[in-house]
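Here, each number is a calculation from the coordinates, and none is a lab measurement. These numbers were taken from a predicted model, which means no experiment stands behind them. All Cβ positions, glycine included, derive from the backbone under ideal geometry; neighbour counts span all protein chains shown.
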Amino acid sequence: MPLRIDASRLPAFFLVSSFLLGSLWAPARAEPTLESLGRRIEELEKQQELHLSEASEPKSQVHAFLNDNLTLGGFYETGFLVIDGDDTKLQAANNSNTLGLNIAAEFSSNIRFVSQIWVGFSHPLQNEHNDPTATTERGFERFNFGALLTQGYLEYSLGRAFVVQAGTGYVPFGYALQQRELVQFVRQAGPQLLRTNNLVSPLWSGIHVHGSFDQGKNDWGYNFYTFTPVFYPKQPGVGGRLWWSSADEEVTLGLSSQLGKTELGSYEAVGTDLRLDFHPFSIKAEYIRHLEDDEDPWSAYLEPSVFIYQEELLLYVFGDYANSSMNRAASAVTLTELDPYRQLEYGAGLNWLPTSFTRFRFGFTYHDYLGKTAVQEGLDRDYFSFDLSAGVAF
Amino acid sequence: MKTLTKTVVLLTGLCLATGALAQKLAVIVNVSNPASSITKEQVQDFYYRKVRQWPDGTALRFFDRGEDSPERSDFLKSVMKKTARQLDQYWISQKLVSGASAPTPVGPDRLVESLVSRFPGGMSYVSESFVPSKGVKVLKITGD
């Protein structure tokens, strides 16, 4: 029977025919596309594997950047401080801008080099403790610039129990002194013991030996180091630390000590530190006492904090005491006489961490001077401060 | 009383289920590695780079998993017992103080397996259902 097609139905016939033909051809066209996509994915995976293995491959020499054997990191911190008080003029300044640069090179699994440099400029508080014998009143200085090598050591590890370092680095005394990275502190500039004169030598220099051991699920460790006393650089001092931490570092307890010479004799510094970390709650507490002749300046603080709102916000309160009986210096002002003070700082604040590596802080501190030297020659030392700061680690 | 019993049973079941979920991980190491099992404490020490060598002196290469992978989520919860933020803070501190950096994150299982097989001291973690091919072997994580 001959095929008859009505002319009026021709457009519909062509439409259906082209759809059917298209359907027949479609798999043939799609198949090579999927295959090539698969090949492309494999290619990309191989490239990724190659890059990762290159990055992980042990090298006999140091290569620059983007290589596991050389790490570059650091931090930047900027702060804004407002102060006011009965005998302190209301003033505000961008008081600190600090850039820290870290470079570490791993030469083998047991030899590496670690370094850190701080550079920055600031407008620090002049005559911070409002000493009436000083030539200037409490206030922000014009401009200060500084650069400091805070770490630089070559490390050789004989395993976890024995690591020896030669060079200089943060002194392993308590918690804040050895973790003195500005961006790590929940309050701007950290606790008072970092700013109290004559407590401990802040850097070890020469040799530092440390190690740690398992004790069931707990750990304990030791540090032993030499250092150059700040006021008597002619004979090295020695220091040590013993610490213990429970499983998952929920409780960490440390005991530290330092022995060094001074112009007139010798001193001993002792300290203890406690950290409780039951996420999201944590408490840090530290105590340091410096023993020298009849003087014994000391400082202690307690700082509970809690993370809220998906760990983006951290609320803290603190109490921080310093009995600085050997204080002499007040920033750029040269004081020849002792200016002892006892200060209780207390306050609260908020950290906002939009990412793990960025931190914005807002804090309030009342600086309450106590004892006979709280008011000197009619000048009240008390004041309060608001701080705003931002820090980034990279 | 019945409601209380039901609630207790339900909560216990939920806790057990959560615990079981968090235990579904295994460690993979290079096939030449003589170890047959590993404790959580050892894995933690290796991950934190407190220990950088296997007992026979082979340099350790720990490969982490991708940030959003279910394996990493389980690993942080059941082995490290830390949140991702806590670990980030730990590595910031380590990088600034001791120069140590976090283990390299690696995505798919096949890629992890390939890298671990390439390095004698290679190590990573996979889901317990992972079937290894040549080059790697699975170590069960022992301990709580």
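Along the range A:100-107 the Karplus relation, 6.51 cos²θ - 1.76 cosθ + 1.60 evaluated at θ = phi - 60°, assigns HN-Hα couplings of x, 10, 10, 10, 10, 10, 9, 8 Hz to successive residues, with x for each Gly and Pro.
When DSSP beta bridges are restricted to pairs lying wholly in the range B:25-142, around 60% turn out antiparallel.
Counting Cβ atoms of other protein chains within 10 Å of each Cβ in A:103-109 and taking the mean gives 4. Across the range A:246-394, Cα pairs under 8 Å and at least six residues apart give a relative contact order of 13 percent.
Peptide B:97-105 has a mean shielding of 6, counted as Cβ atoms of other protein chains within 10 Å of each residue's Cβ. Among A:Lys261/B:Lys95; A:Lys46/B:Lys40; A:Lys46/B:Lys137; A:Lys89/A:Lys284; A:Lys217/B:Lys24, which pairs are too far apart, with a Cα-Cα distance over 24 Å? Table pairs above 24 Å Cα-Cα are A:Lys261/B:Lys95; A:Lys46/B:Lys40; A:Lys89/A:Lys284. Could you pull out which residues in the range A:198-236 have an amide N less than 19 Å from a spot 7 Å beyond the Cα of B:Thr142, following the Cα-Cβ vector? Label zone hits: A:214-218.
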